[in-house]
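Only one structure is covered here, and it is reproduced in the block below.
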Amino acid sequence: MALSNSQYDQLMRTYEQRQLDVVHQMQERYARVSKAIPEFKEIDDAISSCSIKQARLLLNGNASALADLKEEIHQLSAKKKELLVSHGYPAHYLEPHYLCPDCKDTGYIGTNKCHCFKKAIVDLLYTQSNLQEILQSENFSTFSLDYYSCNHIDPVTGRSSLDSIKTALQTCHEFVDTFSTDFRNILLYGDTGVGKTFLSNCIAKELIDASYSVIYFSSKHFFDILAENAFNKKDFDSSDEDNLDTNYIYNCDLLIIDDLGTEMTNAFTASSLFACLNERILRRKSTIISTNLALDDIKNIYSERIFSRISSSYTMLRLTGDDIRIQKKLLNLGGTKDVTS
């Protein structure tokens, strides 16, 4: 996954600032030492004079000039460290202090991204995903089947709540495992409070940790952005990367639209939703939609055309059961330890 230009530039500006900070800190430390140890600057001046003298000798063909230069500078540098230590400073006080000594705060080791740069990418993606905090508690490692019953039978499918969630969980794992090779979309629909958002968060964490760009919107926020874009008369297909939300709607690796149907629906929301879903399908960019609406409701509210796109291009996972939030409250009232679902 390649970062967008604006994302890459944002990270590189951070590294450039780090390098400037290192230079500034070294200048401050040098000024402090020069004031406290007057003879320190004299040694530095001697090193500079020595370097100029030996460079001239080297240009004139003196084969031993370079070796002599190194030896003399080595002795003077050792004396500088002795002065620092004798005045209570660390021996390496005037050397650059990098946040990442491996890449010297450049972000790269040779032509390869440094480990710190890779971490910075993930951190940026978390920040821009709108999911930074929730994914700490909602992920595959904290998902539990304890709230799904084999006795709760869905009248539509004839399957139990437990069977349905097991199928959905397996599908979500496969979605993550094959994300780099297979283009897939998911519709999570069914009863209220049965883990649809939780499952989309599980997927989001795995993909962000793998450095894919993921962005989450509640349905209301999603349509608010589209409306603002339309009312400002901007081209929705713009490559303007200053507006990360609008840019991400088309170009992020995974778009999550949560609680579809909770927004105020009208002709604008229907046409905008179709444009977005259709364009992302054409670009082979994955989308996850969660909703409490039944399939017929999606068709009636948003149009046959949108339902056709979803039914032909999405894996549709129906989840049923008792509201997990209510179950947790009842368990807590009864003094039972809470298990995240």
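The values are calculated or read from the model by the stated rules, or taken from the named source; none is laboratory data. The shown structure was predicted, so the numbers you read here are calculated from the model rather than taken from an experiment. For neighbour counting, all protein chains shown are included, and Cβ atoms are generated from backbone atoms with ideal geometry for every residue, glycine included. Each accessible area value is taken on the protein alone, full model and side chains, heavy atoms only, with ligands, DNA and RNA left out. Shrake-Rupley method; radii C 1.70, N 1.55, O 1.52, S 1.80 Å.
Determine, yes or no, whether Thr142 is of a type in the set (Val, Ile, Thr) and within 27 Å of Leu277 (Cα to Cα).
No.
In region 13-45, which residue that is open to solvent by less than 40 Å² (accessible area, probe 1.4 Å) and not polar (S, T, N, Q) is modelled with the lowest pLDDT?
Here the residue is Asp44.
Out of the residues in region 303-326 meeting the condition of being of a type in the set (Gly, Ala, Ser) and surrounded by fewer than 16 Cβ atoms within 10 Å (Cβ to Cβ), tell me which one is farthest from Thr171 (Cα to Cα).
In this case the residue turns out to be Ser308.
I'd like the full set of residues that are open to solvent by less than 60 Å² (accessible area, probe 1.4 Å), in a helix (DSSP H, G or I) and under 26 Å from Cys202 (Cα atoms), limited to region 275-302.
Result: Cys276, Leu277, Asn278, Glu279, Arg280, Ile281, Leu295, Ile298.
Looking at the structure I just gave you, is Glu138 surrounded by 16 or more Cβ atoms within 10 Å (Cβ to Cβ), of a type in the set (D, E, K, R) and either in contact with a helix residue (DSSP H, G or I) (Cβ under 8 Å, 6 or more places away or on another chain) or without any contact (Cβ under 8 Å) to a residue 40 or more places away in the chain (or both)?
yes
Scan (1) of a type outside the set (A, V, I, L, M); (2) surrounded by 14 or more Cβ atoms within 10 Å (Cβ to Cβ); (3) at pLDDT below 95 for the single condition Lys234 breaks and write down its number.
Every condition holds for Lys234 apart from (2).
Name the single residue, out of those in region 78-98 being open to solvent by less than 70 Å² (accessible area, probe 1.4 Å) and more than 13 Å from Arg32 (Cα to Cα), that is nearest to the chain's Cα centre (by Cα).
By that ranking, first place goes to Pro96.
In this structure, is Leu94 outside any helix (DSSP H, G or I), among the aliphatic types (A, V, I, L, M) and farther than 30 Å from Ile208 by Cα?
Numbers: outside any helix (DSSP H, G or I): yes; among the aliphatic types (A, V, I, L, M): yes; farther than 30 Å from Ile208 by Cα: yes.
It is true that Leu94 is outside any helix (DSSP H, G or I), among the aliphatic types (A, V, I, L, M) and farther than 30 Å from Ile208 by Cα.
Considering (1) in contact with a strand residue (DSSP E or B) (Cβ under 9 Å, 6 or more places away or on another chain); (2) of a type in the set (A, V, I, L, M, F, W, C); (3) farther than 27 Å from Arg309 by Cβ, say which one Ile109 fails and leave the rest.
(1)
Could you tell me whether any residue of region 126-146 is modelled with pLDDT under 90, of a type in the set (Asp, Glu) and in a helix (DSSP H, G or I)?
No: region 126-146 contains no residue that is modelled with pLDDT under 90, of a type in the set (Asp, Glu) and in a helix (DSSP H, G or I).
Taking region 163-218 as the search range and keeping residues that are assigned to a strand (DSSP E or B) and within 21 Å of Ser311 (Cα to Cα), which one is most open to solvent (accessible area, probe 1.4 Å)?
The qualifying residue most open to solvent (accessible area, probe 1.4 Å) is Tyr189.
Kindly indicate which of Lys119, Lys53, Lys104, Lys113 is among the basic types (Lys, Arg) and over 30 Å from Tyr212 (Cα atoms).
Lys53
Determine, yes or no, whether Ile109 is β-branched (Val, Ile, Thr), open to solvent by 70 Å² or more (accessible area, probe 1.4 Å) and farther than 30 Å from Tyr250 by Cα.
When the stated conditions are applied, Ile109 passes them.
Please state which of the following conditions Thr157 fails to meet, knowing it meets all the rest: (1) surrounded by fewer than 19 Cβ atoms within 10 Å (Cβ to Cβ); (2) among the polar types (S, T, N, Q); (3) touching a residue at least 24 places away in the same chain (Cβ under 8 Å); (4) farther than 25 Å from Thr320 by Cα.
Looking at each condition in turn, Thr157 falls short on (4).
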